[in-house]
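Below: the structure, in structure tokens.
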Amino acid sequence: DTGVSQNPRHKITKRGQNVTFRCDPISEHNRLYWYRQTLGQGPEFLTYFQNEAQLEKSRLLSDRFSAERPKGSFSTLEIQRTEQGDSAMYLCASSPRDKLAKNIQYFGAGTRLSVL
Amino acid sequence: AQSVTQLDSQVPVFEEAPVELRCNYSSSVSVYLFWYVQYPNQGLQLLLKYLSGSTLVKGINGFEAEFNKSQTSFHLRKPSVHISDTAEYFCAVRTGTASKLTFGTGTRLQVTL
């Protein structure tokens, strides 16, 4: 059973460019989450999918951010017109269907974004 | 609204000494509690969890935590730390109705010889 996979691990971009990150959850996990972590802080929730439906979005997710999970498997997070304030670690997590186990989130290694 | 407070931003400790990392939460409903560890430039690894049942939970790498509902605390302990335990530790809470985890700001555990 492989863990949550995120690509790329590192992304350096210039301000104003668009970037896209990918997350492959643990197989058969139907719930998928995106978080953002800035230096010296804990992760902050961005958005949540159950299967292909995006059920919750944080106010942190501005209009420049969009997330998709088209077939209920992998997910992508796109940031348009990047700003220096977008520099952070973007973490993906997944959890299973089980009634109690669904409360446990397993995290990937993250994508570190640096906006120059 | 749920919130988590980790009172200590850094905890220095000598190898083989015991350690306690403190975590307090705020929530008006039932909670699920977690401790995660993060090594440099890596994601979060689940150390242990409280979902229900016994309030003393044991996790990986010899760590344990106790859920104290009256104190709204979930402190992490280890009786004897190792150099390899040096990392950032995050406490997190999830309420029964929320989908997201709410994290504390983390505690940096620094183990030295």
Determine how many Å³ per residue the convex hull of the Cα atoms of chain A encloses. 97
If amide hydrogens are placed 1.01 Å from N in the peptide plane, which non-local residues have theirs closer than 5 Å to the one on A:Gln17? A:Thr82
Report the B-A buried area as the accessible area lost on both sides summed, probe 1.4 Å, in Å² to the nearest 100. 1700
About its Cα centre, what dipole magnitude does chain B give when the only charges are +1 on Lys and Arg Cβ and -1 on Asp and Glu Cβ, stated in debye to the nearest 20? 420
Can you tell me the accessible area per residue over region B:1-95, all protein chains present, probe 1.4 angstrom, in square angstrom? 48
What percent do you get for the relative contact order of chain A when only Cα pairs under 8 Å and 6+ apart count? 36
If you project the alpha carbons of the protein assembly as shown onto their three principal axes, what span does each projection cover, largest first, in Å? 49, 40, 34
Those GluC sites (Glu not before Pro) from region B:1-71 that are DSSP loop and have at most 14 other Cβ neighbours within 10 Å turn out to be B:Glu15, B:Glu16
Let me check I've understood the local charge: for B:Phe14, count other residues with C-beta under 14 angstrom from its C-beta, Lys and Arg +1, Asp and Glu -1. What total comes out? -2
Carbon and sulfur: what percent of chain A's accessible surface (1.4 Å probe)? 44
The answer for the net charge of residues other than A:Thr111 whose Cβ lies under 13 angstrom from its Cβ, with Lys and Arg +1 and Asp and Glu -1, is +2
Heavy-atom accessible area with a 1.4 angstrom probe orders B:Asp8, A:Asp86, most exposed first, as B:Asp8, A:Asp86
Compute the whole-percent fraction of alpha carbon pairs in chain B spaced more than 25 Å apart. 16
For chain B, what is the relative contact order in percent, using Cα pairs closer than 8 Å and at least 6 residues apart in sequence? 38
Could you give each residue of region B:64-72 its phi-based ³J(HN,Hα) in whole Hz, using Karplus coefficients 6.51, -1.76, 1.60 with θ = phi - 60°, and x for Gly or Pro? 9, 8, 10, 7, 10, 5, 5, 8, 6
I want the local charge near B:Phe34. Using Cβ-Cβ distances under 13 Å, sum +1 for each Lys or Arg and -1 for each Asp or Glu among the other residues. +3
Note down the accessible area of A:Cys23, probe 1.4 Å, to the nearest 10 Å². 0
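The values are calculated or read from the model by the stated rules, or taken from the named source; none is laboratory data. Every value quoted in this text rests on a predicted model; they were computed, and no experiment measured them. Reconstructed Cβ throughout: ideal geometry from the backbone, glycine too, with neighbour counts over all protein chains shown. The protein model used for the area step is the full one, side chains on, heavy atoms only, and it has no ligands, DNA or RNA in it. Shrake-Rupley method; radii C 1.70, N 1.55, O 1.52, S 1.80 Å.
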